[in-house]
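Chemist: The structure follows.
The values are calculated or read from the model by the stated rules, or taken from the named source; none is laboratory data. Just so you know, these numbers come straight off a predicted model, no measurement behind them. Glycine gets a Cβ as well: all are built from the backbone with ideal geometry, and neighbour counts include every protein chain shown. Heads up: the accessible areas ignore ligands, DNA and RNA and are worked out on the full protein's heavy atoms, side chains in. Shrake-Rupley method; radii C 1.70, N 1.55, O 1.52, S 1.80 Å.
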Amino acid sequence: MEVTFYGTRGSCPCAGDQYRVYGGNTACVGLTTDDGQPIILDLGTGLRALGAALDGSSAPTARPLQASVLLTHLHLDHVVGLPFFTPLRHPDSVLDIYGPKQPDGDLADALSALVQPPFFPIPLALLPGQIHCHDTVEQDLAIGSATVRARLVTHRGPTLGYRIEADGVSVAYIPDHEQPAEPGEIDDRVLELCADVDVLIHDGQYTEAEQAARPHWGHSTVAYAVRIAREAGARQLVLFHHDPAHGDAEVDRLRDRAQELAGPALAVSAAREGERLTPGRR
């Protein structure tokens with residue numbers, strides 16, 4: 001399995017010299033298993049670059065593609081890239097989107113309400129490619145050779161975390177996770193997703209001061225991310241969903257702080273746009 005980061009930022013995209021190392025696009029991660037099945041984690045602005053990479057060209061005419069999406073939730077920073085996914089310009093492309101069941105209406109209705117005039121000039125249904133939405137609850141799925149576990153995590157609105165296992169390795173993806181008031185508490189569902197995982201990609205958006213000022217905004221500190229990784233027995237922690245107010249120097253500082261807290265037994269990094277990981281390979 002190969003993991004590639006196309007968007008690592010949280011809340012809103014950013015541009016400027018202070019974002020050169022970690023990038024300014026919002027959440028989007030590509031997974032490729034040994035059978036060649038593309039799995040896409042979230043549909044933030046990084047999806048545009050992922051689409052170009054899968055298509056192999058920046059030309060207006062796209063090549064057909066079949067891929068699956070694991071969508072954590074429907075906040076704008078995680079879905080705004082959808083209409084800019086170039087493979088959907090080809091009528092033979094098929095995109096299966098698995099995402100949390102909504103309280104009112106289904107996933108397809110919610111995405112269609114976003115991608116339509118006046119917010120976007122073309123309704124989602126008129127894009128040439130085929131989009132199949134799957135309302136997902138706490139369940140286990142099979143996508144190609146990969147097995148996927150979906151569990152609810154605490155955030156603002158219905159939100160799923162995922163565990164993907166393929167090719168003898170495992171990746172947990174929990175980009176938006178509200179730290180509890182008592183940070184010693186860890187939801188059993190989160191521990192289930194992260195147990196002995198090779199790579200844990202986890203929300204590390206806030207400093208301690210920011211968390212204290214925004215306790216119910218739906219995110220975690222790097223210290224809480226480390227706590228989850230250590231308790232779950234993860235082999236590597238990748239901090240994700242970097243705050244738009246945090247330039248490269250601040251993300252460096254938070255990464256170093258997380259590694260200090262983790263100790264030598266747990267490898268810690270901060271997700272960088274364009275970075276590729278091969279879990280399980282040393």
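Chemist: Going by the structure shown, is residue 149 within 20 Å of the chain's Cα centre (by Cα) and among the basic types (Lys, Arg)? Quick ask: steps written out before the conclusion?
Modeler: On the way: within 20 Å of the chain's Cα centre (by Cα): yes; among the basic types (Lys, Arg): yes.
The answer is yes for residue 149.
Chemist: Restricting attention to the stretch 126-146, and to residues there that are closer than 23 Å to residue 103 by Cβ and among the aliphatic types (A, V, I, L, M), which single residue is surrounded by the fewest Cβ atoms within 10 Å (Cβ to Cβ)?
Modeler: Among them, the one singled out is 137.
Okay, residues lined up against (1) at pLDDT 95 or above; (2) β-branched (Val, Ile, Thr):
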| site | (1), (2) |
| --- | --- |
| 86 | no, yes |
| 102 | no, no |
| 112 | yes, no |
| 132 | yes, no |
| 135 | yes, no |
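Residue-by-condition table, conditions (1) among the β-branched types (Val, Ile, Thr); (2) part of a loop (DSSP other than H, G, I, E, B):
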{"position": "244", "(1), (2)": "no, yes"}
{"position": "251", "(1), (2)": "yes, no"}
{"position": "257", "(1), (2)": "no, no"}
{"position": "260", "(1), (2)": "no, no"}
{"position": "264", "(1), (2)": "no, yes"}
{"position": "273", "(1), (2)": "no, yes"}
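Chemist: Under the condition of being over 14 Å from residue 228 (Cβ atoms) and among the basic types (Lys, Arg), which residue from the stretch 147-190 is least open to solvent (accessible area, probe 1.4 Å)?
Modeler: Restricting to residues being over 14 Å from residue 228 (Cβ atoms) and among the basic types (Lys, Arg), the top hit is 149.
Chemist: Right, something else. In the stretch 148-201, what residues are in a loop (DSSP other than H, G, I, E, B), at pLDDT 95 or above and within 19 Å of residue 238 (Cα to Cα)?
Modeler: Answer for the stretch 148-201, where residues must be in a loop (DSSP other than H, G, I, E, B), at pLDDT 95 or above and within 19 Å of residue 238 (Cα to Cα): 153, 175, 176, 177, 195, 196, 197, 198.
Chemist: Consider the stretch 38-60. How many of its residues are open to solvent by 40 Å² or more (accessible area, probe 1.4 Å) and either under 11 Å from the mean Cα position of the chain (by Cα) or at pLDDT below 95 (or both)? Let's see the steps before the verdict.
Modeler: Step one: filter the stretch 38-60 for residues open to solvent by 40 Å² or more (accessible area, probe 1.4 Å), giving 48-49, 53-54, 56-58, 60.
After this cut, where a residue has to be either under 11 Å from the mean Cα position of the chain (by Cα) or at pLDDT below 95 (or both) as well, the list is 53-54, 56-58, 60.
The number of residues fulfilling the criteria is 6.
Chemist: Quick one: what pairs do we get from the stretch 258-282, first residue within 17 Å of residue 20 (Cα to Cα), second open to solvent by 20 Å² or more (accessible area, probe 1.4 Å) and hydroxyl-bearing (Ser, Thr, Tyr), C-beta under 9 Å, 6+ apart or different chains?
Modeler: 273/6; 273/19; 274/6; 275/269
Chemist: Can you pull out the residues in the stretch 69-88 that are open to solvent by 30 Å² or more (accessible area, probe 1.4 Å) and of a type in the set (A, V, I, L, M)? If you could, list the steps in order and put the result at the bottom.
Modeler: Quick first cut of the stretch 69-88, residues open to solvent by 30 Å² or more (accessible area, probe 1.4 Å) only: 74-76, 80, 84.
Selection gives 74, 76, 80.
Chemist: Restricted to the stretch 235-262, and to residues that are open to solvent by less than 20 Å² (accessible area, probe 1.4 Å) and more than 30 Å from residue 51 (Cβ to Cβ), which residue is farthest from the chain's Cα centre (by Cα)?
Modeler: The selected residue is 262.
Chemist: In addition: Which ones in the stretch 202-222 are among the charged types (D, E, K, R), within 17 Å of residue 156 (Cβ to Cβ) and not in a strand (DSSP E or B)? So that I can check it myself, show each step before the final result.
Modeler: At the first step, the residues of the stretch 202-222 found to be among the charged types (D, E, K, R) are 203, 208, 210, 214.
Adding the requirement that they be within 17 Å of residue 156 (Cβ to Cβ) leaves 203, 210, 214.
Within the stretch 202-222, 210, 214 qualify.
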